[in-house]
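Visitor: This is the structure I want to talk about, given as structure tokens.
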Amino acid sequence: MIRPCAPFAAVLFALLLVVPAPAAPPEGLAKTLDELIDGPDYKNASWGVLVADARTGETVYARNPNALLAPASVTKLFSGAAALVALGPDHTQDTIVYQRGPVLKNTLRGDLVLVASGDLMLGGRTKDGKTVFKDKDHTYANSGFDAELTDTDPLAGLDALAKQVRAAGITRVDGDVLIDDRLFVRTRSSGSGPDVVSPITVNDNVVDVVVTPGAEEGAPAKVVMRPATTFFDMDALVTTGPEKAPANVQLLAVGANQFAVRGTVPKGGKPHVRIFGVDEPALFARALFIEALRRNGVQAQAAVLRPAGARLPAKSDYEKLQKVATFTSAPFKDALTVTLKVSNNLYASTLPCLVAAAKGQTTPEFGLREERRILKELGVDTDAVCFGGGAGGAPADHVSAAATVQLIRGMAKRPEWEAYKAALPVLGVDGTLADVVNEDSPARGKVFAKTGTLIWYDAANERLLLKSKAIAGTMTTRAGTELHFSIMVNNVPLPAGVTATREGKVLGRLCERLYEHGP
């Protein structure tokens, strides 16, 4: 045996004294978490868990932290962080209307061209100067959720632009009304809800269908569109059913810009919301803008349904055209808040496109590559993340719990952290975490985290397969320690009649146990 000389041994001994050993989980924490994770409902499931001290980075609890798992909508933490870093919390976008042609005696002898800026909300979620949301967003109305509408005007941005056109002295437009949607290429959302990702977005590119029961059983229900528009033809026939019967409302496409509404709603119930997705956002926005112009004193001669064939200007020509209206978006942090609080898939799917546009590029693939670069700068092991989109529903979307905690830790060191944290759902308070714990939960208001749910239908067994249920974020324990954490469970077969709500409650209980027993 070769022995070190005495001075070397003394140095080695000193080093052993000052290098801390890995922190052991607090007494009782591992046991109480293991009880849930190893429960009988999860014998076929895969877990990935990492809980770390936010100050020191030391591991508090871990279970397969390096396993690549589907994160579902926790993906939005990554796409949201990249967009927040790339654009900045206070970044705004200007949607501009140009006139092409002369104005003679208040008549524009030419076209109005609205240039889309990628504004996700276009004023449609603003009330009293503030961006608002409902915990159960209307974009999930067709997914079995009791969705609600915000008390806002989805056409506020278009009306504001129309008023400015009138104020500029134009009372009649003899040419066409066009939407320039060339900021980035059209693509598809990687989540449920509105499907088409476009630089122009009005009312999340859907028509809300609001069904209100009649006064008596058997009476016809009242069915209205929001926003009201002649762009769509709606054939509605919905009846009022027994008071305790479940609502059953179906929307059926029957032709171009035509749909039928059929079904029943229970007597005495509140209005039910469904959505009909828009296939052509630019044409939808064009129709709504023409209607807004007419509503605000501008006689737009263009037909609502289709353009007359006028071509968009070359991009280089805009500097020569007269601006007649500008609508400035809410700060980007407001759009991010809606994206994360209610898990808006359309907005999240648009984020890589906005990141690309900020670099003068037009494809979501470029945006995802730029996202990877930003994540690497944040200290994320980018070999442990795979993304095919921004929302969490793409087959490629997989991350590790360790990479997710690295993301949160990296963002916590940046000036955008406060905006990022404020955009997260709060346990027991709002967004997708509003109802996963009881109102008297001791952890209520102490956890800021993004959730995720991905479900596939198992036709062979006539049940649901919970592909992913996940949560990740930051919290403060009862003892006052801030933790960063990521918890994911994949591949949970759900018994007949059981939904992912069960696992939502389980994640809520895990958060409560971290709060109670954490360091």
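Visitor: Helix by helix through the chain, keep the DSSP H runs that span 15 Å or more along the axis on Cα and average at least -0.5 on Kyte-Doolittle, and give those back in order. Can you show the working numbers first?
Guide: Working: long enough: 6-18 (19 Å, 2.68); 75-87 (18 Å, 1.52); 156-167 (16 Å, 0.27); 281-295 (21 Å, 0.67); 345-358 (20 Å, 1.24); 364-377 (20 Å, -1.32); 401-412 (17 Å, 1.04); 501-517 (24 Å, -0.93).
Length and hydropathy pass: 6-18, 75-87, 156-167, 281-295, 345-358, 401-412.
Visitor: Give the shape of region 335-481 as rounded, prolate or oblate, defined through the alpha-carbon gyration tensor: a ≥ b ≥ c are the square roots of its eigenvalues, a/c under 1.5 means rounded, and otherwise the shape is prolate if a/b is larger than b/c and oblate if not. Each step should come with its number before you reach the end.
Guide: Values: a/c = 1.73, a/b = 1.16, b/c = 1.50.
Cα axes put region 335-481 in the oblate bin.
Visitor: Out of [x] 50; [y] 26; [z] 35, which label holds the value of percent of Cα pairs over 38 Å apart that was computed here?
Guide: [z]
Visitor: Could you pull out every one of the lysines with an alpha carbon less than 21 Å from that of K267, ignoring same-chain neighbours closer than 8 positions?
Guide: Within the straight-line cut-off, K267 pairs with K222, K244.
Visitor: Report the antiparallel proportion of the DSSP beta bridges in region 94-328 as a percent, rounded to a multiple of 5. Numbers along the way, then the final one.
Guide: Numbers: 36 of 53 bridges.
Of all bridge pairs located within region 94-328, approximately 70 percent are antiparallel.
Visitor: Moving on. Between D128 and T328, what length in nm is gained on full extension when 0.36 nm per residue of separation is reduced by their alpha carbon distance?
Guide: Numbers: separation 200, 0.36 × 200 = 72.00 nm, distance 1.58 nm.
That works out to 70.4 nm of additional length.
Visitor: Considering only DSSP beta bridges where both residues belong to the chain, give the percentage that are antiparallel (nearest 5).
Guide: Details: 76 of 93 bridges.
DSSP beta bridges in the chain are roughly 80 percent antiparallel.
Visitor: Another one. Separation between the D317 and N438 pseudo-spin-labels, each 7 Å from Cα along Cα→Cβ, expressed in nm?
Guide: Modelled inter-label distance: 6.7 nm.
Visitor: Taking every Cα atom in region 94-328, find the radius of gyration and the maximum pairwise distance Dmax, and write them in Å.
Guide: 19.3, 63
Visitor: Sticking with the crude label model, points 7 Å out along Cα→Cβ, report the distance from A256 to T32 in nm, one decimal please.
Guide: 6.2 nm
Visitor: Label D279 and R186 with points 7 Å out from Cα along Cα→Cβ: what is the distance between them in nm?
Guide: According to this spin-label approximation, the distance is 1.0 nm.
Visitor: Mind ordering 212-221, 430-439, 348-357 by average Cβ neighbours within 10 Å, highest first? Working shown, then result.
Guide: Numbers: 212-221: 14.8, 430-439: 19.3, 348-357: 28.1.
Ranked by mean Cβ neighbours within 10 Å, highest first: 348-357, 430-439, 212-221.
Visitor: Going by how many other Cβ atoms sit within 10 Å of their own, how do T95, T326 line up, fewest first? Mind dumping the intermediate values first?
Guide: On the way: T95 24, T326 13.
Least to most surrounded, the residues fall as T326, T95.
Visitor: How do D458, D195 line up, fewest other C-beta atoms within 10 Å first? It would help to have the intermediate numbers written out before the result.
Guide: Values: D458 12, D195 18.
Lowest count first: D458, D195.
Visitor: Could you order peptides 247-256, 260-269 by the average number of other Cβ atoms within 10 Å of their residues, highest first? Can you show the working numbers first?
Guide: Details: 247-256: 13.2, 260-269: 18.0.
Packing proxy ranking, top to bottom: 260-269, 247-256.
Visitor: Taking the Cα centre of the chain as the origin, how large is its charge dipole in debye, to the nearest 20, when only Lys and Arg (+1) and Asp and Glu (-1) carry charge on their Cβ atoms? Write out the running numbers ahead of the final one.
Guide: Working: 57 positive and 56 negative charges, 174 e Å.
About 840 debye.
Visitor: OK, next. If R₀ is 35 angstrom, what is the calculated FRET efficiency for the pair D151 and R502, using the beta carbon separation as r and rounding to 0.05?
Guide: Values: r = 32 Å, r/R0 = 0.91.
According to the calculation, E is roughly 0.65.
Visitor: Once each part is reduced to its C-alpha centroid, what is the distance from region 479-498 to region 143-174 in angstrom?
Guide: Taking the Cα centre of region 143-174 as reference, the centre of region 479-498 is 41 Å away.
Visitor: In which sequence would L375, L149 go, from the one with the fewest C-beta neighbours within 10 Å to the one with the most? Let's see the in-between values first.
Guide: Values: L375 22, L149 16.
Ranked by crowding around the Cβ, least crowded first: L149, L375.
Visitor: Treating cross-link reach as a plain straight distance, find the lysines whose alpha-carbon is under 21 Å from the alpha-carbon of K421, omitting any fewer than eight places away in the same chain.
Guide: Answer for K421, where 21 Å is the Cα cut-off: K76, K130, K134, K136, K333, K341, K376, K413, K446, K450, K469, listed by chain and number.
Read-outs throughout are calculated quantities, based only on the coordinates presented, and are distinct from any laboratory measurement. If you're wondering where the values come from, they're calculated on a predicted model, not measured in any experiment. FYI the Cβ positions are ideal-geometry reconstructions off the backbone, even for glycines, and counts take in every protein chain you see.
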